[in-house]
Structures are given as structure tokens and as C-alpha cells.
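To keep things clear, I will list the structure first and then write my remarks on it.
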Amino acid sequence: DVMLIGEAPGRDEDREGVPFVGVSGQLLDVMLGHVGLSRDENVYITNILPWRPPGNRNPTDAEIAACLPFLARHIALVAPQILIFLGATAAKTLLGRSEGITRLRGQWYEYAAPALESAGLAPIPAMATLHPAYLLRQPVQKRAAWKDLLSVRQRLDTLTK
């Protein structure tokens, strides 16, 4: 039902080959659980980059550009009802926007790509929210992320009726 997209794997994710399994992934699981979502039942999680950049640096524009066609096809194959972009890099990249995450989060957008069109899919409702790793460093921001997830839950309930 919901596809979450982050930036790139961290150390724990790189080691296990599963996205969001470290401390931030544990927080994400708790957050999702509070709105009736679970990676075991109705959530699919991936990243823009499938590998961890050296030194855990931010992905370069060239790395992102190389991965975008694969990610767009990935989204089309999963065909979620809703997309959630975790953090600034995912949000700016997939929404084609330049604003920071605090300006992008909490609003609904439509994600459209040629890969969706060629698969016969309509644009997908998308929400940007704060990355769980950021929430661990700035716990006061959890309230904003909570509002985002409540909005996702409400939208998902509307789509499934």
C-alpha cells in the first residue's frame, strides 16, 4: 500500500542488505506501527541508491542520476497507493524541487514519471517527511513527522474505501 524511499543505506543496512534496520529503522517501525502500517504487511521500503556511499557521505548528483531510471521503474513495479519520501535528498530528488525538507514536508504532491505512464499507472500521491535519523538527533521534530504520518493514514483510508 505504501512505499517509503530514503537516500542510501547506512552501515547497518549495508551489512544486512535490508533498508532501515538500524536504530533509525527501529524508530521508523514504531512510527509506522502507530498508524497501522508494517513492513511485513503493507509497507515496502527502498532507497534512491542501493549502495552506501564511501564514508557515508551524501550521494553525488551523478550517482543519483544513474539510479533514477531504475528507481522510477522500481516504483512502477511496486505500484503503491502512496509514496513517502524520507528526508531532504529523497524529497528534493523525486519531487524535482529545491526547497528544504522542512518546507516540503507535510504537503501532498503527485509523483509522476515516464515509467509510471508506460506501465499504465496514474501519478501517485506522495508525502515528504523527516528522516528517522534526523528525528533521533532532533526529537522535538517527532511531532511534525507524527502529523505527516497521520495525514498518510487518513489519505490511505480514503483511497481504500
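Couple of notes before you dig in:
- Among beta bridges that DSSP assigns inside the chain, antiparallel share in %, nearest 5: 25 percent
- With the charge dipole of the chain set up from +1 on Lys and Arg Cβ and -1 on Asp and Glu Cβ about the Cα centre, the Cα lying farthest toward the positive end among the listed residues GLN141, HIS131, ALA79 is that of GLN141.
- Qualifying lysines (Cα of each under 26 Å from Cα of LYS161; at least 8 residues distant if same chain): LYS147
- R0 of 30 Å, Cβ-Cβ distance GLN107-ALA65: FRET efficiency to nearest 0.05: 0.75
- Under the Karplus curve 6.51 cos²θ - 1.76 cosθ + 1.60, θ = phi - 60°, whole-Hz ³J(HN,Hα) for segment 140-145, x wherever Gly or Pro sits: 5, 7, 4, 4, 5, 5
- Overall, the accessible surface of the chain at a probe of 1.4 angstrom is composed of carbon and sulfur to the extent of 51 percent.
- Rg and Dmax over the alpha-carbon atoms of segment 66-161 stand at 13.7, 42 Å.
- Helix-only mean residue ellipticity at 222 nm for the chain, each DSSP H run of n ≥ 4 adding -39500 (n - 2.57), per residue, nearest 500: -13500 deg cm²/dmol
- More than 23 angstrom apart: percent of Cα pairs within segment 31-119: 28 percent
- Put simply, the chain fits an ellipsoid with semi-axes of 21, 20, 15 Å; these come from the alpha carbon gyration tensor as the roots of five times its eigenvalues, largest first.
- With 0.36 nm allotted per residue and the present C-alpha distance subtracted, the THR160-SER38 stretch has 42.3 nm of extension available.
The values are calculated or read from the model by the stated rules, or taken from the named source; none is laboratory data. Remember, it's a predicted structure, so these values are computed and weren't measured experimentally. Every residue, glycine as well, gets a Cβ built from its backbone with ideal geometry; the counts of neighbours run over all protein chains shown. Keep in mind that these areas ignore ligands, DNA and RNA; they rest on the heavy atoms of the full protein, side chains included. Shrake-Rupley method; radii C 1.70, N 1.55, O 1.52, S 1.80 Å.
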